[in-house]
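Taking it in order: structure first as structure tokens, then the write-up.
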């Protein structure tokens, strides 16, 4: 089976952040580092060329394939900050309703600027995602489908 393309690297997160031209976006990324580091108690690691991830947990695909993946993370994209809140966003609908302007994918939360969202709610959302991923990992310690 082919390896996944996005893997933890030894690249420097600070160097990645310095490469973000927009100073407001760079400041938002620094804030996300603080929030995610506090929630996971893990240091930021660059996954692939542009995702800052925190922690590590087995990710089990519906096919049964297991890969190592971060618990939460983010990336600065052209038009949005993308927050990767693994475990799905559906269980967090109540928090999302209070967050402010955003878009969602299955485990991705898209925001333009952190100033536009309620950061207390964002902090709760990140903590809830970490708790959910860690709970799921405890339920499947071998990484096999149950």
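The values are calculated or read from the model by the stated rules, or taken from the named source; none is laboratory data. Every value quoted in this text rests on a predicted model; they were computed, and no experiment measured them. Methodologically, a virtual Cβ is constructed for each residue, glycine included, from the backbone with ideal geometry; neighbour enumeration extends over all protein chains shown.
Observations, loosely collected:
- Test: residue in segment 69-80 that is surrounded by fewer than 16 Cβ atoms within 10 Å (Cβ to Cβ) and at pLDDT 95 or above: no
One line per residue, one yes/no per condition, for (1) exposed (fewer than 15 other Cβ atoms within 10 Å of the Cβ); (2) at pLDDT 95 or above; (3) farther than 23 Å from residue 7 by Cα; (4) out of contact with any strand residue (DSSP E or B) (no Cβ under 9 Å at 6 or more places or on another chain):
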| site | (1), (2), (3), (4) |
| --- | --- |
| 111 | no, yes, yes, no |
| 115 | yes, yes, yes, yes |
| 123 | no, yes, yes, yes |
| 130 | no, no, no, no |
| 136 | no, no, no, no |
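- Residue match in segment 24-41 (condition: more than 17 Å from residue 132 (Cβ to Cβ), outside any strand (DSSP E or B) and modelled with pLDDT under 95): no
- Checking each residue in segment 105-117 for being within 21 Å of residue 51 (Cβ to Cβ) and part of a helix (DSSP H, G or I) picks out only 114.
- Residue that is farthest from residue 24 (Cα to Cα) [pool: residues in segment 64-104 that are in contact (Cβ under 8 Å) with a residue 60 or more places away in the chain and either out of contact with any strand residue (DSSP E or B) (no Cβ under 8 Å at 6 or more places or on another chain) or assigned to a strand (DSSP E or B) (or both)]: 64
- Residue match in segment 120-135 (condition: in a loop (DSSP other than H, G, I, E, B) and either within 23 Å of residue 26 (Cα to Cα) or in contact with a helix residue (DSSP H, G or I) (Cβ under 9 Å, 6 or more places away or on another chain) (or both)): no
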